[in-house]
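S.K.: Below is the structure I would like to discuss, written out as structure tokens.
Coordinate-derived values only; no laboratory data. These numbers were taken from a predicted model, which means no experiment stands behind them. Positions of Cβ are backbone-derived with ideal geometry, glycine not excepted, and every protein chain shown enters the neighbour counts.
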Amino acid sequence: MERTIYRHLILTVVLMLIWQTPLWAQDRPCVGHTCQNLIYRSYVEDRMSLWESTLETMEFEYSLRPDDVLLYDILLAQYGLIGYYLGTDNKSKARSLLNNAEEYLEKLENTPGYEAASRLFQAVFYAYQITLRPWRIVQLGIASERLINEALELKDDYPRGYLEKANMLYFAPVIFGGSKKRSIEYYSQAVSLFEENMQNNHRWLYLSTLVSLANAYESTGDVTAAIATLEKALEFEPGFRWAKNELLPELREKM
């Protein structure tokens, strides 16, 4: 009788754990490149709800089996999602996710081989904080630029270093050294480096960089180059909805 009750209790606990665990966690879809591919599809198809759920899956997987590559991918996904939240003026979600990302960054900072990546994430997080706390633009802007330059010195073939340098030049006020024209040089260098060694987890970032380069061309009056850049993005990914349905048609109307 006691054994029967004991077995019943164990079975109940197991079933409760199964019921309380999301289906995506049971399937553990983050093996290999699966989650990287889901983040890419999310970007290409403009499905940010998929991006959010995939990030949750990645974080769950990391809690079970910590892995350096997965840690980097989590931060990369957080980096993109925070930027999306800020771009859509959802500062509450951006602030919450940024706080979470800072905790993951502490882990990456202590991971050998990710010194340049860690500096770049922190540089961008400082830039995000400027959006949330504009009165700290001088202090955080200086710190962000310093970290980007350090990352470029540590790893001069890392495309994200040139991307963040370009973003800094594009978005910074002229009084603080901003220059949309100079940003084109760094965006172009980032594109070239992405193409030389296209990492699976960087594919969405490659497309995002092409969009940024097109924006820089447009901002400096070169609409023809902007169109050519977006056409290049569509050659790489014909299903890139944002470029295909919005950005490119808008630019062609300006010709």
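S.K.: With springs connecting C-alpha atoms under 10 Å apart, model the chain as a Gaussian network and identify which of 235, 52, 150 has the largest mean-square fluctuation.
M.R.: In the Gaussian network model the winner is 235.
S.K.: Let me ask something additional. With θ set to phi - 60° and the Karplus curve 6.51 cos²θ - 1.76 cosθ + 1.60, what are the ³J(HN,Hα) couplings of the range 244-255 in order, to the nearest whole Hz, using x for Gly and Pro?
M.R.: Whole-Hz 3J(HN,Hα) from phi for the range 244-255: 6, 9, 10, 5, 5, x, 5, 5, 5, 5, 8, 6.
S.K.: State to the nearest 20 debye the size of the charge dipole of the range 178-255 about its Cα centre, where the only charges are +1 on K and R beta carbons and -1 on D and E beta carbons.
M.R.: 160
S.K.: Looking at 37, 148, 58, which one has the Cα that reaches farthest to the positive end of the dipole of the range 30-156 (charges on Cβ: Lys, Arg +1; Asp, Glu -1)?
M.R.: 148
S.K.: Of 165/232; 107/180; 93/232; 232/254; 93/254; 91/181, which pairs sit farther than 24 Å apart, going by alpha carbon to alpha carbon?
M.R.: 107/180; 93/232; 93/254; 91/181
S.K.: Highest GNM mean-square fluctuation, the chain, Cα pairs closer than 10 Å: which of 135, 242, 51?
M.R.: Maximum fluctuation in the GNM of the chain, among the listed residues, is at 135.
S.K.: Report ³J(HN,Hα) in whole Hz for each residue of the range 143-153, in order, from the Karplus equation J = 6.51 cos²θ - 1.76 cosθ + 1.60 where θ = phi - 60°; Gly and Pro get x.
M.R.: Ordered by residue, 3J(HN,Hα) equals 5, 5, 4, 4, 5, 5, 5, 5, 5, 5, 5 Hz.
S.K.: Would the range 30-156 count as rounded, prolate or oblate if I go by the C-alpha gyration tensor, calling it rounded below 1.5 in a/c and otherwise prolate when a/b exceeds b/c, oblate otherwise?
M.R.: Numbers: a/c = 1.92, a/b = 1.22, b/c = 1.57.
The shape class here is oblate.
S.K.: A further question follows. What list of ³J(HN,Hα) couplings, whole Hz, do you get for the range 173-188 from phi and the Karplus terms 6.51, -1.76, 1.60, once you set θ to phi - 60° and write x for glycine and proline?
M.R.: In residue order, the calculated couplings are x, 4, 4, 9, x, x, 7, 5, 5, 5, 4, 4, 4, 6, 4, 5 Hz.
S.K.: For the charge dipole of the chain, defined by +1 on Lys and Arg C-beta atoms and -1 on Asp and Glu C-beta atoms about the Cα centroid, which residue among 86, 201, 114 has the Cα displaced farthest towards the positive pole?
M.R.: Most positive-ward Cα: 86.
S.K.: Ok, one more. From the helices alone, meaning DSSP H stretches of at least four residues, give me the mean residue ellipticity at 222 nm for the chain, per-run term -39500 (n - 2.57), in deg cm²/dmol to the nearest 500.
M.R.: So the calculated ellipticity at 222 nm is -24500 deg cm²/dmol.
S.K.: How big is the dipole moment of the range 109-255 about its Cα centre under a simple scheme where the beta carbon of each Lys and Arg is +1, that of each Asp and Glu is -1, and everything else is neutral? Debye, nearest 20, please.
M.R.: The calculation lands at about 460 debye.
S.K.: Need one word for the range 153-255: rounded, prolate or oblate. Basis is the Cα gyration tensor (sqrt eigenvalues a ≥ b ≥ c); a/c below 1.5 gives rounded, then a/b vs b/c decides.
M.R.: oblate
S.K.: For every other residue with a beta carbon closer than 14 angstrom to the beta carbon of residue 42, add +1 if it is Lys or Arg and -1 if Asp or Glu, then tell me the sum.
M.R.: So the surrounding residues net to -2.
S.K.: Checking the a/c ratio against 1.5 first, then a/b against b/c, what shape does the Cα gyration tensor give for the chain?
M.R.: Cα axes put the chain in the prolate bin.
S.K.: Related question: Just to confirm the number: angle between the C-alpha axis of helix 159-171 and the first principal axis of the chain, 0 to 90 degrees, nearest 10?
M.R.: Roughly 60 degrees between the two axes.
S.K.: Contact order normalised by length for the range 178-255, with contacts defined as Cα pairs under 8 Å and 6 or more residues apart; what percent is it?
M.R.: Relative contact order, the range 178-255: 26 percent.
S.K.: Quick check for me: using +1 on Lys/Arg Cβ and -1 on Asp/Glu Cβ, what's the dipole size of the chain about its Cα centre, in debye to the nearest 20?
M.R.: 540
S.K.: So for the chain, averaging the separation of alpha carbon pairs under 8 Å that are six or more residues apart and normalising by length, what relative contact order in percent results?
M.R.: Computed over the chain, the figure is 14 percent.
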